[in-house]
Structure formats: C-alpha cells, structure tokens
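The values are calculated or read from the model by the stated rules, or taken from the named source; none is laboratory data. Note that the structure is a prediction, hence the values are computed from the model and not measured. Counting neighbours? That spans all protein chains shown, and the Cβs are built from the backbone with ideal geometry, glycine included. Heavy atoms of the whole protein, side chains included, go into the accessibility calculation; ligands, DNA and RNA do not. Shrake-Rupley method; radii C 1.70, N 1.55, O 1.52, S 1.80 Å.
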Amino acid sequence: MKHKDYQSICEQVIPLAKSTGSFIKNELQKVETTQIIAKEANSLVSYVDKTAEEMLVEGLSKILPEAGFITEESTTIQNQKSITWVVDPLDGTNNFLHGIPHFAISIGCMIDGQTMIGLVENVYYGETFYAWKGGGAFLDGNPIRVSTTTSLAGSIIATGFPYDRSLVPSLLKVLGRLLKKVRGVRRFGAAALDLVNVAAGRLEGYYETTLNAWDVTAGALIVEEAGGKVTDYEGEENFIFGGNIIATNAQIHNQLLQILKSDGDQ
Ligand code: IPD
Ligand code: CA
Ligand code: CA
C-alpha cells in the first residue's frame, strides 16, 4: 500500500467515526444504572460501548473487507491478520457514565505488525485527530505538532491510575517524584485523548501502565507523526502490546523516563 492509499482509507474512516460519535453523544445521560455492567472492579461497560463497536466493525469491514480485528468489547471475532483494525469504541467509559464530557473513539490500523493509520475522535467536542505513517498528523484537516518545551519545569504531564489497587504504592512514588519537577500533573480519564493532546502540543507528556492495544495504537502513531516520541517504560518500542507507554514531545522524553525508572527519592 502507498501513502495515498493510507490517506484515502483514513478519509473513509473519518465519517464513520463521526457518525458513531454522534450515536455515543446522543446516549450521554440516557444510560440507566441498570444498563451498566461491571467487567472488573471500576471497569464499567454499557450497551453504548458495544453498539458503538458494532457500528465501527460494520463500517471498517466495508472499507477493508480482508482485515482482522482486535476490539475491546469483542463484538466480532478477534483475529490478527496482515491488516488488523485495533478499536476502542469508547475510551473513557467511566467519564461517559458519569456525564463528564471527555471520551473518545480510537481506531488504529496495523499492517504487518506496524501501525499505519490512527484516528481518535474526541466525541463531545467533535475534534478528529488522525495520522497515517509518513504523512504527518492532523486535527480536523490542520497539521498538528508537539510542543517545543524542553524543561520538565515548564511541562504539563498527564497520567492514568490503573484499576489494580496493588499498584497504588508504586504509582504514588512516581507521582511524588514528578510533582516536584513539573508545572502540573493531570488525570483526564481517556488514554486516547491524553495521547492526541500530546500530539497537539497541549500536553508535554503522558505515561500510564496496564493499558491495552486498543487504548494506544491510534494515539501513539498520531504522537509520532506530530514529531513526538513514544516508548515503553524501558525506552523500547513495546508500547502497543507491552502494557505501558510514555509519549512526549520528544524534548522531555529522557527526563520523564528517568523519573519513571528512578528508585531513589530524587
Ligand atoms: C480507560 C481509559 C483510562 C485509563 C484506563 C483505560 P476505557 O479505557 O483510557 O484513561 O486510565 O486504563 O482502561 O476502559 O474507558 O476504555
Ligand atoms: Ca480504553
Ligand atoms: Ca473502552
């Protein structure tokens, strides 16, 4: 496939993300407590996640009939093929269910193990972030770039707190070190939006552990195409299936990595 093919696929995914986003937004405040299912502690899901995923799978299958799927809600057969869509139909479900207007759709397309297309729809605000490999990153058609900040002191960093409570002590250690060095720390509750906000230069960095491929595939490509850097906590490339990710404007990457790795209380 060529660049213009990726671009054309991306352009076909945009209206699908928009229409699915309209469905999700329309359901905001309508979901009844009885329609919420707890997958695990603090991991909730409702008919909205599942219906949105069905809409996306149907539309994406029309765009590339030969592709396989990795999707959070498993509404379709999970099979990695040469071309694979990686989909989180509703990232930020807890926000959505609490009526907090900060949630997204995340759609990545991997070809032979490499992410080639990524699209994240900020559902409430109708912002569409997307990128294809080698083509740059865009927000509603306009190119986006990461911030140029070089110091942690001038940085706002986002993170997430995993639902696994046994990780709290180690999370707090990192947070303690970080709070001494940065301008601010944020916990917004939607990994895909944290990533695209790094890409758009709104945040200098983002880190989180215990994530899944559908949370990060699309957003990570968008960060890279906007000039940022994405690694796992080891500084290596295993951030899609490895569970942990650091995405930055590239300038502060090593400084943030150091804080995550450091054992001493600096
Ligand atoms: C969650 C959100 C949240 C992150 C969690 C994810 P979901 O995704 O991205 O910000 O902290 O780790 O699981 O469950 O809302 O799709
Ligand atoms: Ca998610
Ligand atoms: Ca989800």
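Want the number for residue 112 to residue 168: 0.36 nm per residue separation, take away the alpha-carbon distance, what's left?
Contour length minus the Cα-Cα distance gives 16.5 nm.
Taking 0.36 nm per residue of sequence separation and subtracting the Cα-Cα distance, how much length would be gained by fully extending the chain between residue 26 and residue 241, in nm to one decimal?
Full extension from residue 26 to residue 241 adds 74.2 nm.
Divide, for the chain, the radius of gyration over alpha carbons by 2.2 N^0.38 Å, where N is the residue count.
Working it through for the chain, the quotient is 0.96.
Two decimals is fine: what's Rg over Rh for the range 121-266, C-alpha atoms, Kirkwood radius as Rh?
0.95
Under a point spin-label approximation (7 Å from Cα along Cα-to-Cβ), what is the residue 54-residue 262 distance to one decimal in nm?
Simple spin-label model gives 5.1 nm for this pair.
On full extension of the chain, what length is gained from residue 4 through residue 212, given 0.36 nm per residue of separation minus the C-alpha to C-alpha distance?
72.0 nm
What order, most packed first, do the peptides 156-166, 202-212 have when packing is the mean number of other Cβ atoms within 10 Å of each residue?
My ranking of the peptides, most packed first, is 202-212, 156-166.
Which aspartates and glutamates have a Cα less than 17 Å from the Cα of residue 180, not counting those fewer than 8 places away in the same chain?
204, 263, 265
If you take every residue apart from residue 231 with its C-beta less than 12 Å away from the C-beta of residue 231, what net charge results, scoring Lys and Arg +1 and Asp and Glu -1?
-3
Using the Kyte-Doolittle scale, find the helices of the chain whose mean hydropathy is at least -0.5 and whose Cα atoms extend 20 Å or more along the helix's long axis, counting only whole DSSP H runs.
Helices meeting the span and hydropathy rule in the chain are 47-63.
Can you give me the three principal axis dimensions of the range 3-143 from its C-alpha atoms, in Å, biggest first?
Extents along the principal axes: 45, 33, 24 Å.
Output the peptides 50-60, 102-112 sorted from most to least packed, where packing is the average of other Cβ atoms within 10 Å over each peptide's residues.
In descending order of packing, they fall as 102-112, 50-60.
Treating cross-link reach as a plain straight distance, find the lysines whose alpha-carbon is under 28 Å from the alpha-carbon of residue 4, omitting any fewer than eight places away in the same chain.
Answer for residue 4, where 28 Å is the Cα cut-off: 18, 62, 81, 133, 229, listed by chain and number.
For the chain, what is the accessible area per residue in Å² when the probe is 1.4 Å?
With all protein chains present, the chain gives 44 Å² per residue.
Enumerate the amide H contacts of residue 70 below 5 Å, restricted to partners 5 or more residues apart or on another chain; note that Pro and chain-start residues carry no placed amide H.
85, 86, 87
Out of 92, 60, 47, whose Cα points farthest toward the positive end of the dipole of the range 3-143 (charges: +1 Lys, Arg; -1 Asp, Glu; placed on Cβ)?
60
For residue 188, what residues show an amide H to amide H distance below 5 Å, using hydrogens built from the backbone and excluding near sequence neighbours?
Under 5 Å from the amide H of residue 188 lie the amide H atoms of 159, each far enough along the sequence or on another chain.
Carbon and sulfur together cover what percent of the accessible area of the range 3-143 at a 1.4 Å probe radius?
51 percent
Would you mind working out the magnitude of the charge dipole of the chain relative to its Cα centre, with +1 at each Lys and Arg C-beta and -1 at each Asp and Glu C-beta, to the nearest 20 Debye?
The dipole of the chain has a size of about 780 debye.
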